[in-house]
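Here the structure is laid out as structure tokens; the discussion comes afterwards.
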Amino acid sequence: MPEQPELTIQGWGPGGSRGATGTGPEGVPEGRLEPDRDPDPATALPKAARRHLEKELGWEPRPTPPVAVGEIRLAPSRLPAEAHDALVALLGEEHVRTDREARLRRAGGKSYLDLLRRREGDASDAPDAVVLPGSTEETVALLALCAEHGVVVVPFGGGTSVVGGLSGMDPDDRPSLSVDVSRMASVTSVDVASSLVTVGPGMRGPAFEEVLGARGLTLGHLPQSWEYATLGGYAATRSAGQSSTGVGRFDELVAGLTLATPAGVLELGHPPASASGPDLLGLALGSEGALGVITELRLRVRPAPQTRVYEGWSFRTWADGLAGLQRLARHDLLPDVVRLSDPEETRTNLLNAGGTGARLLRGALRARRRADGCLLVVGWEGLPHVVRARRRAAVPVLREHGAGRVGHRVGESWREHRFTAPHLRDRLMDAGLLVETLETAATWTALPAVYDAVRTALRTSLGRPGRQPLLMTHVSHGYATGASLYVTVLADRDDDLPLQQWLGAKRAATEALLAAGGTLTHHHAVGADHRPWLAREVGLLGVEVLRAVKQRLDPQGICNPGVLLPD
Ligand SMILES: Cc1cc2nc3c(=O)[nH]c(=O)nc-3n(C[C@H](O)[C@H](O)[C@H](O)COP(=O)(O)OP(=O)(O)OC[C@H]3O[C@@H](n4cnc5c(N)ncnc54)[C@H](O)[C@@H]3O)c2cc1C
């Protein structure tokens, strides 16, 4: 398996002048514990970005660094000795870990709240131990063992959950195990004729694409968390990638999977298609570890694209942009990548982009009176003549809605930098900012109202005299019936009550988007954070159906009890 980069615990990405280093057992990427940091906020951000944010937010940059990793508080492991010994007998000593480093690395996910807690030295969500099963059989056996000893099990993929999916909360406060699937990370079969590849859940996107690329294939699932998230995690959360408008959401890429549960093994999905009753595969997709551990996936792949065309367009208004996308969607003409930024996101991105190209673009948009407009990045991939034909059909529609072409460099630059934002988030958090995202989806009809409602709720909740949040929104995925909205929120952090500040804003935004007709989540999943609202979307009877399925597969309720189902 190609080497996978390191996981960190207080931010995103590798590095860390102050972090500890270590080498882990087979399959566990070990290394520095925290990202590289410039402790001085005056130099940590590009000048233009800092000036813009200071003006927009009423924010004064100040150093708010995380505590040193050595100061993070970690309670002693509560794993009972008999359970530990039984796990060692099953998996071997090196695959049952209770050491500080192993537990800290699997403490929670990467939401703003998760990172705030860890930056403040709180690792109360750390598991009592980490186990690394190597096969479906070992996973089933370890689930039986945990059920017998009353130990909670939290599957761990890349640790990139942003909805509290790894918080390990348990109403009965039992000891908890992080089940790290990184040892199950190899490709076991490639069926080129059927476009099917069987792979372990612990493999990450870059490694998988490398293996597929050698065969002229691709999966094409590219979420912003691509560097760290795993294939099993994508399935467990119903992830969507940046090209999902074209290649489909991750749900659509899963042809089948194996789910190890305390009640036994489920083999789900029968490609190419089946009418044998309701689709049980759908129960495992989005199950977030609450029904068991996904131990194998059969994924639908495609030939690697021979051509890629990425470019930028500019609409005069947000309404024009939405109307243009809706029209493309109705006629099945949406490109593979569609990303329409609202005026606030467009302005901020243009100001923050450095270099001559960005300066020229700003000038050109001003000259064409589009400085307050909305940037659209589109991308087409595939066979050259198909890409040409699809683009040729879409361009007149864009023009009919007033879009002006701003060129390939904008599209290419977006493609080149599309995984950098999470690294910037670390630096913004170091300088006293609240930085978080939220997402939803709505029909084309409801979308404008959802957009307005979320913005009003966030402004009301986070606004203070002389201070306003910066709310940057884009449409990230288009469908015939509607689209998703993705909001990036920046605000001056309340240094006294930072957790409460975001919890209040998130609650207000969620209430507002549900009332306006948005979905609870488009691709981040339910986790612990969205649980209280699940019944609003699926109804009380829907929650009861899910509870009954869980009761059958996991009678002792040991599988990730803190997520998905409301208390
Ligand atoms: C900076 C950033 C950018 C992001 N961008 C995107 C994006 O563009 N699109 C998107 O969809 N999401 C995005 N996310 C959210 C996150 O990356 C996804 O939810 C991803 O699918 C999680 O994968 P993971 O391997 O990290 O899973 P984890 O975070 O480890 O786990 C997520 C949940 O799934 C469960 N789980 C994990 N593996 C298994 C398994 N094998 N069997 C059963 N349950 C399992 C866990 O218990 C947990 O409840 C982003 C997150 C961050 C921090």
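Would you mind putting 56-67, 125-136 in packing order, based on average other-beta-carbon counts within 10 Å, highest first? Could you put the intermediate results ahead of the total?
Values: 56-67: 17.0, 125-136: 23.6.
Answer by packing, highest mean first, reads 125-136, 56-67.
Put in line by how crowded their Cβ is, counting other Cβ atoms within 10 Å and starting with the fewest, Arg106, Arg359 read Arg359, Arg106.
Size descriptors for the stretch 117-194 (Cα atoms only): Rg and Dmax, in that order, 15.4, 52 Å. Across the options Ser287, Ala207, Ala235, the greatest Cα extent toward the positive end of the charge dipole of the stretch 187-303 (unit charges at beta carbon of Lys, Arg, Asp, Glu) belongs to Ala207.
Think of the chain as having a plus end and a minus end, set by charges on the Cβ of Lys, Arg, Asp and Glu; of Ser274, Ala358, Pro532, Ala358 sits farthest toward the positive end of this dipole. If I fit a long axis through the Cα atoms of helix 47-57 and take the longest principal axis of the Cα atoms of the chain, what angle between them do I get, 0 to 90°, rounded to 10? Helix 47-57 sits at roughly 90 degrees to that axis.
Assuming charge only on the beta carbon of Lys and Arg (+1) and of Asp and Glu (-1), the dipole of the stretch 108-149 about its Cα centre is about 300 debye to the nearest 20. Averaging the sequence gap over all C-alpha pairs within less than 8 Å and six or more residues apart, then dividing by the number of residues, gives the stretch 307-417 a relative contact order of 53 percent. Over the C-alpha trace of the chain, radius of gyration and Dmax come out as 23.3, 73 angstrom.
Annotation: amide H-H contacts under 5 Å for Thr230 (H modelled 1.01 Å from N, sequence separation of 5 or more, or interchain): Gly158. Here each label is just a point 7 Å from Cα along the line to Cβ, and for Ser194 and Val395 those points are 4.2 nm apart. In terms of the Cα gyration tensor, with a ≥ b ≥ c the square roots of its eigenvalues, is the stretch 412-558 rounded because a/c is under 1.5, prolate because a/b exceeds b/c, or oblate? Note, shape of the stretch 412-558 comes out prolate.
Over the residues of the chain, the helix contribution to mean residue ellipticity at 222 nm works out to -11000 deg cm²/dmol, using -39500 (n - 2.57) for each DSSP H run of at least 4.
Pro175: net charge of surrounding residues, Cβ under 15 Å, Lys/Arg +1, Asp/Glu -1, itself excluded?
-3
Using C-alpha pairs under 8 Å with a sequence gap of at least 6, the mean separation divided by the residue count of the chain gives a relative contact order of 17 percent. Take the alpha carbon gyration tensor of the stretch 307-417, find the square roots of its eigenvalues, order them as a ≥ b ≥ c, and report rounded if a/c is under 1.5; if not, report prolate when a/b exceeds b/c, else oblate. Judged from the Cα gyration tensor, the stretch 307-417 comes out oblate (a/c at least 1.5, b/c at or above a/b).
Largest first, the three principal axis extents of the alpha carbons in the stretch 246-295 are 35, 24, 16 Å in whole numbers. Summing Cβ point charges (Lys, Arg +1; Asp, Glu -1) relative to the Cα centre of the stretch 187-303 gives a dipole of roughly 140 debye.
Identify all lysines with a Cα-Cα distance to Lys47 below 23 Å; exclude those on the same chain that are fewer than 8 residues away in sequence. Of all the lysines, those that pass the test against Lys47 - Cα under 23 Å, at least 8 places apart if same chain - are Lys55. Our summary gives the stretch 239-303 a relative contact order of 38 percent, counting only alpha carbon pairs under 8 angstrom and 6 or more residues apart. Extension gain for Arg547-His417 works out to 42.6 nm (0.36 nm per residue, less the C-alpha to C-alpha distance).
Across the stretch 260-266, rounded Karplus estimates of 3J(HN,Hα) from the backbone phi angles (6.51 cos²θ - 1.76 cosθ + 1.60, θ = phi - 60°) give 8, 10, x, 8, x, 9, 10 Hz, Gly and Pro being marked x. Figure legend: label point modelled 7 angstrom from the Cα of His331 along Cα→Cβ; residues of the stretch 393-413 with amide N under 19 Å from it are 393-405.
3J(HN,Hα) along the stretch 178-195, derived from phi through the Karplus expression 6.51 cos²θ - 1.76 cosθ + 1.60 where θ = phi - 60°, amounts to 8, 9, 7, 8, 5, 7, 9, 9, 10, 7, 9, 7, 10, 10, 5, 4, 9, 6 Hz, with x in place of Gly and Pro. Computed from Cα atoms, the angle from the helix 355-367 axis to the main principal axis of the chain rounds to 50 degrees. Simple rule: put +1 on each Lys or Arg Cβ and -1 on each Asp or Glu Cβ in the chain, find the dipole, and look at Ile72, Ala129, Ala193; the Cα lying farthest toward the positive end is Ala193. An ellipsoid equivalent to the stretch 187-303, defined through the eigenvalues of its Cα gyration tensor, has semi-axes of 21, 16, 14 Å when rounded to whole angstrom and sorted largest first. As a rough guide to protection, the peptides 319-326, 336-343 ranked by mean Cβ packing within 10 Å, highest first, stand as 336-343, 319-326. Treating the angle as unsigned and between 0 and 90°, give the value, to the nearest 10°, between the Cα long axis of helix 408-417 and the longest Cα principal axis of the chain. Helix 408-417 sits roughly 20 degrees off the main axis of the chain. Taking Cα centre as origin and charging only the Cβ of basic (Lys, Arg, +1) and acidic (Asp, Glu, -1) residues, the dipole magnitude of the chain rounds to 2940 debye.
Read-outs: derived from the displayed coordinates by stated rules, not from any lab. This structure is a prediction, so every number in the text was calculated from the model and none was measured. For neighbour counting, all protein chains shown are included, and Cβ atoms are generated from backbone atoms with ideal geometry for every residue, glycine included.
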